[in-house]
1. Restricted to segment 77-94, and to residues that are among the hydrophobic types (A, V, I, L, M, F, W, C) and free of Cβ contacts under 8 Å to residues at least 40 places away in the same chain, which residue is surrounded by the most Cβ atoms within 10 Å (Cβ to Cβ)?
2. Could you check segment 95-138 and list, in sequence order, the residues that are aliphatic (A, V, I, L, M), farther than 11 Å from A48 by Cβ and in contact (Cβ under 8 Å) with a residue 40 or more places away in the chain?
3. Quick one: A210 ticks every box in (1) in the same structural domain as D24 (by TED's automatic domain parsing); (2) buried (at least 20 other Cβ atoms within 10 Å of the Cβ); (3) under 18 Å from the mean Cα position of the chain (by Cα); (4) not β-branched (V, I, T) bar one, so which box is it?
4. Please work out which residue is nearest to Y113 (Cα to Cα), limiting yourself to segment 139-165 and to residues that are assigned to a strand (DSSP E or B) and touching a helix residue (DSSP H, G or I) at 6+ places or on another chain (Cβ under 8 Å).
5. So which residues in segment 166-193 are touching a helix residue (DSSP H, G or I) at 6+ places or on another chain (Cβ under 9 Å) and either more than 24 Å from I231 (Cα to Cα) or assigned to a helix (DSSP H, G or I) (or both), if there are any at all?
6. Against the condition touching a strand residue (DSSP E or B) at 6+ places or on another chain (Cβ under 6 Å), touching a residue at least 60 places away in the same chain (Cβ under 8 Å), of a type in the set (A, V, I, L, M, F, W, C) and assigned to a strand (DSSP E or B), how does V212 come out, does it pass?
7. May I ask you to say which residue of L196, L201 is assigned to a loop (DSSP other than H, G, I, E, B), closer than 24 Å to V131 by Cα and either of a type in the set (F, W, Y) or at pLDDT 95 or above (or both)?
8. Being in contact with a Gly (Cβ under 9 Å, 6 or more places away or on another chain) and more than 18 Å from A144 (Cβ to Cβ) is the filter; apply it to segment 222-238 and report the residue that is surrounded by the most Cβ atoms within 10 Å (Cβ to Cβ).
Amino acid sequence: MAEWFEEWFGEEYLHLYPHRNEADAGRLIALLTRELPWRVGWRVLDVACGAGRHLAALERAGAVAFGFDLSLPLLRRAREATARPLVRADMRALPYRARSMDLTVNLFTSFGYFAADEEHTDALGQMLSTVRPGGWFVIDFLNAEQVRASLVPVEETRYGETLVRITRGLTADGRFVRKTIALADGRRFEERVRLLGPEVLEGMLVAHGAIVRARFGDYDGAALGTGNRTILVAQVAA
């Protein structure tokens, strides 16, 4: 049986989330170039690059950017944003050489999709393994406590002429937020994301030998816990 993230990130996703724009991507990459010892020519891997908006922003900042994603529709869209080679792959089996990147990033909650935390920890370990000694890793995740506090149970929108009903809730154990997207024509999709707090994410990074050097709560550099994001900037041991 296919996992939910293997089925959802297609054309419907692109149409239902048009607000995920290049301006947000530009703000985040600007934050990273300010906070990191950024160098033009850095080799940067975007883990789960989606439609390529962060790849385009990285290239504008002077990076040699590499991207991969599991979704073929999103990769096709990403090819419109970059001339760099793109790869279809699962983050649990990365097809990149160890220590080959100056920076590896995992952005806009492209994480937390697996049933077991061991899979999350192992996936982060694979991402970190791609970074050269002394290089950098950045994860941009949701603010788990804010999600719990501000959950909108039901809303409706449209997919073209089709009515879409979106319902949200926490799993019985409180570990995951679950979103169900039901289209009036019968199509139905589900998102399920593990609500990983910053201390849990940081513990996973430290377990693989990384050191968290900075923490932010939004794309403008607000303090962790004051915005809607959890952004951790970690350095791989030299």
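1. Applying the filter and picking the extreme gives A78.
2. Just the residues of segment 95-138 that are aliphatic (A, V, I, L, M), to begin with: 98, 101, 103, 105, 107, 115-116, 123-124, 127-128, 131, 138.
Now restrict to residues that are farther than 11 Å from A48 by Cβ: 98, 101, 103, 115-116, 124, 128, 131, 138.
M101, L103, L124, L128, V131, V138, listed by residue number.
3. Single failed check for A210: (3).
4. This residue is F141.
5. Across segment 166-193, the qualifying residues are I166, I181, L183, R187, F189, E190.
6. Spelling it out, it is not the case that V212 is touching a strand residue (DSSP E or B) at 6+ places or on another chain (Cβ under 6 Å), touching a residue at least 60 places away in the same chain (Cβ under 8 Å), of a type in the set (A, V, I, L, M, F, W, C) and assigned to a strand (DSSP E or B).
7. L196
8. V236
The values are calculated or read from the model by the stated rules, or taken from the named source; none is laboratory data. Predicted model, so just to flag it, every value in this text is computed and none were measured. No Cβ is skipped: glycine too gets one built from the backbone with ideal geometry, and neighbour counts run over all protein chains shown.
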